[in-house]
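Before any comments, here is the structure.
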Number of protein chains: 2
Amino acid sequence: MSLILHSPLDMHLHLRDEKMLENIAQASAHTFSGGLIMPNLVPPVSSKEEIVAYKNRILKAIGKETFTPYMTLFFKSTYDKTFLESVRDEITAIKLYPAGITTNSEGGVSGFDIEELRPTLEAMSELGIPLCVHGETNGFVMDREAEFVAIYEKLASAFPKLKIIMEHITTKKSVEALDKFENLYATITVHHLMITLDDVAGGMLKPHLFCKPIAKRPEDREALLRVALNAHPKVMFGSDSAPHPQHAKESCGCAAGVFTAPIALQVLAELFEKNGASQEKLQAFVCGNAQKIYNITPLPKKVVLEKKPFKVPQLYSGVVPMYAGEEITYSIKEVYNGR
Amino acid sequence: MSLILHSPLDMHLHLRDEKMLENIAQASAHTFSGGLIMPNLVPPVSSKEEIVAYKNRILKAIGKETFTPYMTLFFKSTYDKTFLESVRDEITAIKLYPAGITTNSEGGVSGFDIEELRPTLEAMSELGIPLCVHGETNGFVMDREAEFVAIYEKLASAFPKLKIIMEHITTKKSVEALDKFENLYATITVHHLMITLDDVAGGMLKPHLFCKPIAKRPEDREALLRVALNAHPKVMFGSDSAPHPQHAKESCGCAAGVFTAPIALQVLAELFEKNGASQEKLQAFVCGNAQKIYNITPLPKKVVLEKKPFKVPQLYSGVVPMYAGEEITYSIKEVYNGR
């Protein structure tokens, strides 16, 4: 039994830089037609030169694979319209991080003063640049995203023409916000569809499943599944695949991030099948919805998955993937670049 | 400035066995006058011979220190009155684990059928043997203890003469149960007084703060602080200090347990002082209450703490303690065995 996915897109992807980029870029580029590349490098990607240079480093790392790096800029409230016009053609979106909320986000936004953000966000509205947001407050770890929904709603009301993407949502409350505001969208990772906090900390503590936002409660996961499996038109797949070297995960202070790029499509195929969701829904979740939301035309790529057990490697270039050493039921059979 | 504690007791302690026991027993025996020793060895301590032999191994590991190992038996519903009478003098309590809920608890209780438990628990009531319970269901990790409170209440009602100790409580709900049933008591660890889930998983993931029950929400910690700092007469200090080798904590699946034995009293001294709680309250929390609840007379020991920074070692015999490498404000100045 096989399953064909056309031009799958990963609308939230960390490719890192330098050696790590060279090591892991292929894991995404092999099976995805494109990905929205997060800008939280050190220093963050925040000028035209940096975007272009980073894009070129990514293209070099990808080599011959068919893969579009959809670039993003690290949000700063100092960006003015002239600057944004100058970078418009180089970027697909701008990513906003609350200051200090996750890996390399120190230069992010502190407080969400609408008037302070207004010039930049209005310019983005006018230029049609979507705003991607890591939506967490600095509150208690299980409440951070739910608390941030009020900020999403404030932004959505204040800038009704701005497309706002709630990144890697993990809660029922964020899912509910989707239908309250026309201009709110969301990405969902594969790991948040598969796990709850129980998987991270309910048995042994599992550093390789530790991420930000942290996996939440069973009822939250169910809400995510509902919109993902139905390919709710405002929801897109974004892996948030985030590689860290093994030693940075298995240590006395483990970095946040789950590396799913090489197994994401296989796991999604299994998940959709198990839940009786159609191939069309999966196609919409991993490509069609993003195409419409971002108004992009992905490069043609055909990924053939087959129902054949795949033993996930323990490591990909020193990075432990999700389900390392375990068997998953779908494999990548073939990938055709082009039509 | 110094502070004297008399005969401090640790009413929930894992000393393990063999090499680990030899390595870490002194860490408790140096500053505590006694400890309630958990029976979850492999196999669990469940016969008179095993209790006596384990006690002797502990006494050997302790060497010349003044320290009473208050022994416990691993609860089984097959224990009858004759058996319990035969072990009465060797034990201070019996510890009940729900099956599979924590380290080495596979042989514990499945389901809590009062009628199945009745013969053993009635015999314990009659013989005045307290029941210590690891109170967690197999539900969602943040709900397990709160869900178990209904079982505590069922047990407390069904066996009103049985002293039931809710071990290492972590939730507001358990604190509230204390005042509802005359025969419910509790131990509280030092780490649950210091941390919430935020400390475990809110920044980096901290395997050395991972334990069962997992640290909960800020309002839960506040409830624990309220009764500990006031030395609520039904509450005792029990460290649940649980050593694991460093590699078992810093790995792809980290074992549950926080090693606090060598720093517990110092951290408690700082905590009580910071919160304006008196030395008398601390004395009651770490000794007086347990003495009354268990009707025990601890060996005389005088522990002098002084307000002098102490840099916590990175390792004690291969075990990473809580606050490893950090500076705490109190040190152990002197310990006098005897009066």
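The values are calculated or read from the model by the stated rules, or taken from the named source; none is laboratory data. Since this is a predicted model, take the numbers as computed values, not measurements. As a convention, Cβ positions derive from the backbone with ideal geometry for all residues, glycine included, and neighbour counts pool all protein chains shown.
Kindly indicate whether A:Glu106 is loosely packed, with under 15 Cβ neighbours inside 10 Å and modelled with pLDDT under 95. Spell out the reasoning first.
Values: loosely packed, with under 15 Cβ neighbours inside 10 Å: yes; modelled with pLDDT under 95: yes.
So A:Glu106 passes the test.
If the condition is being surrounded by 16 or more Cβ atoms within 10 Å (Cβ to Cβ) and out of contact with any strand residue (DSSP E or B) (no Cβ under 6 Å at 6 or more places or on another chain), then the range B:109-123 contributes B:Phe112, B:Leu117, B:Thr120, B:Leu121, B:Ala123. Scanning the range B:247-271 for residues that are surrounded by fewer than 24 Cβ atoms within 10 Å (Cβ to Cβ), over 30 Å from B:Gly100 (Cα atoms) and hydrophobic (A, V, I, L, M, F, W, C) turns up B:Val267, B:Leu271.
Does any residue of the range A:54-64 turn out to be over 21 Å from the mean Cα position of the chain (by Cα), crowded, with 16+ Cβ neighbours inside 10 Å, modelled with pLDDT under 95 and assigned to a loop (DSSP other than H, G, I, E, B)? If you could, list the steps in order and put the result at the bottom.
Residues of the range A:54-64 over 21 Å from the mean Cα position of the chain (by Cα): A:60, A:63-64.
This time we only want the ones that are crowded, with 16+ Cβ neighbours inside 10 Å, so: none.
No, that holds for no residue.
Within the range B:319-336, restricting attention to residues that are surrounded by fewer than 14 Cβ atoms within 10 Å (Cβ to Cβ) and touching a residue at least 24 places away in the same chain (Cβ under 8 Å), the residue that is nearest to the other protein chains (Cβ to nearest Cβ) is B:Glu334. Against the numbered list (1) over 20 Å from the mean Cα position of the chain (by Cα); (2) at the interface with another protein chain (Cβ under 9 Å from one of its Cβ atoms), B:Phe159 comes up short only at (2). Of a type outside the set (D, E, K, R), surrounded by fewer than 19 Cβ atoms within 10 Å (Cβ to Cβ) and within 14 Å of chain B (Cβ to nearest Cβ): is that true of A:His208 in this structure? Against the criterion (of a type outside the set (D, E, K, R), surrounded by fewer than 19 Cβ atoms within 10 Å (Cβ to Cβ) and within 14 Å of chain B (Cβ to nearest Cβ)), A:His208 does not qualify.
Kindly indicate whether any position in the range B:301-318 is among the polar types (S, T, N, Q) and either in a strand (DSSP E or B) or crowded, with 16+ Cβ neighbours inside 10 Å (or both). Spell out how you get there, then give the answer.
From the range B:301-318, those among the polar types (S, T, N, Q) are B:314, B:317; that's our starting set.
Still in the list and also either in a strand (DSSP E or B) or crowded, with 16+ Cβ neighbours inside 10 Å (or both): none.
So far as the range B:301-318 goes, no, none of its residues is among the polar types (S, T, N, Q) and either in a strand (DSSP E or B) or crowded, with 16+ Cβ neighbours inside 10 Å (or both).
Filtering the range B:204-215 for residues that are free of Cβ contacts under 8 Å to residues at least 40 places away in the same chain and under 22 Å from B:Thr102 (Cα atoms) leaves a non-empty set. Being charged (D, E, K, R) and within 14 Å of chain A (Cβ to nearest Cβ) is the requirement here; does B:Glu136 meet it? Here the answer is yes, as B:Glu136 does meet what is asked.
Of note, B:Glu147 satisfies the criterion of being assigned to a helix (DSSP H, G or I), at pLDDT 95 or above, within 14 Å of another protein chain (Cβ to nearest Cβ) and surrounded by fewer than 20 Cβ atoms within 10 Å (Cβ to Cβ).
Which of the residues that make up the range B:207-254 are charged (D, E, K, R), closer than 20 Å to B:Gln266 by Cβ and over 16 Å from the mean Cα position of the chain (by Cα)?
Our first condition is that a residue be charged (D, E, K, R); within the range B:207-254, this holds for B:212, B:216-217, B:219-222, B:226, B:234, B:240, B:249-250.
Remaining after also requiring closer than 20 Å to B:Gln266 by Cβ: B:221, B:240.
Scanning the range B:207-254 gives a single hit, B:Arg221.
Among the residues of the range B:319-339, write down those that are assigned to a loop (DSSP other than H, G, I, E, B), farther than 30 Å from B:Thr92 by Cα and more than 22 Å from the chain's Cα centre (by Cα). Within the range B:319-339, B:Gly325, B:Glu326 meet the criteria.
Can you work out which of the residues in the range B:128-139 that are assigned to a loop (DSSP other than H, G, I, E, B) and out of contact with any Lys or Arg (no Cβ under 6 Å at 6 or more places or on another chain) is surrounded by the fewest Cβ atoms within 10 Å (Cβ to Cβ)? Step by step, filter the range B:128-139, then rank; the result is B:Gly128.
In this structure, does B:Leu131 turn out to be under 23 Å from B:Cys211 (Cβ atoms) and in contact with a His (Cβ under 8 Å, 6 or more places away or on another chain)?
On the way: under 23 Å from B:Cys211 (Cβ atoms): yes; in contact with a His (Cβ under 8 Å, 6 or more places away or on another chain): no.
When the stated conditions are applied, B:Leu131 does not pass them.
Each residue in the range B:177-203 was checked for being of a type in the set (Gly, Ala, Ser) and either touching a residue at least 12 places away in the same chain (Cβ under 8 Å) or in contact with a strand residue (DSSP E or B) (Cβ under 7 Å, 6 or more places away or on another chain) (or both), and 2 of them qualify. Of the numbered conditions (1) touching a Ser or Thr at 6+ places or on another chain (Cβ under 9 Å); (2) modelled with pLDDT under 95; (3) among the small types (Gly, Ala, Ser), A:Ser28 fails exactly one; give the number of that condition. With respect to (1) touching a Ser or Thr at 6+ places or on another chain (Cβ under 9 Å); (2) modelled with pLDDT under 95; (3) among the small types (Gly, Ala, Ser), A:Ser28 is out only on (2). Residue check: B:Gly257 meets all listed conditions (1) at negative phi; (2) within 15 Å of the chain's Cα centre (by Cα); (3) in contact (Cβ under 8 Å) with a residue 60 or more places away in the chain but one, namely (1). Quick one: count up the residues across the range A:241-280 that are more than 13 Å from chain B (Cβ to nearest Cβ), among the β-branched types (Val, Ile, Thr) and part of a loop (DSSP other than H, G, I, E, B). Residues meeting the conditions: 2.
Quick one: in the range B:162-178, of everything that is out of contact with any Cys (no Cβ under 8 Å at 6 or more places or on another chain) and charged (D, E, K, R), which residue is farthest from the other protein chains (Cβ to nearest Cβ)? Out of the qualifying residues, it is B:Lys163.
Inclusion of A:Lys292 among residues that are farther than 19 Å from A:Ala186 by Cα, surrounded by fewer than 17 Cβ atoms within 10 Å (Cβ to Cβ) and away from chain B (no Cβ under 14 Å) is not warranted.
Quick check, is A:Gln283 on the phi < 0 side of the Ramachandran plot, surrounded by fewer than 23 Cβ atoms within 10 Å (Cβ to Cβ), in a helix (DSSP H, G or I) and modelled with pLDDT of 95 or more? Even if it seems obvious, please write down each step before you answer.
Working: on the phi < 0 side of the Ramachandran plot: yes; surrounded by fewer than 23 Cβ atoms within 10 Å (Cβ to Cβ): yes; in a helix (DSSP H, G or I): yes; modelled with pLDDT of 95 or more: yes.
Considered against the rule, which asks whether it is on the phi < 0 side of the Ramachandran plot, surrounded by fewer than 23 Cβ atoms within 10 Å (Cβ to Cβ), in a helix (DSSP H, G or I) and modelled with pLDDT of 95 or more, A:Gln283 comes out as yes.
This table checks each residue for (1) aromatic (Phe, Trp, Tyr); (2) within 14 Å of chain B (Cβ to nearest Cβ); (3) under 18 Å from B:Leu209 (Cβ atoms).
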position	(1), (2), (3)
A:Tyr185	yes, no, no
A:Val190	no, no, no
A:Met194	no, no, no
A:Leu197	no, yes, yes
A:Gly203	no, yes, yes
A:Lys212	no, yes, yes
A:Leu224	no, no, no
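Looking across the range A:78-94, just one residue is surrounded by fewer than 17 Cβ atoms within 10 Å (Cβ to Cβ) and small (Gly, Ala, Ser), and that is A:Ser86.
Where helices (runs of 4 or more DSSP H) sit wholly within the range A:151-223, those with at least 1 residues that are basic (Lys, Arg) occupy A:172-178.
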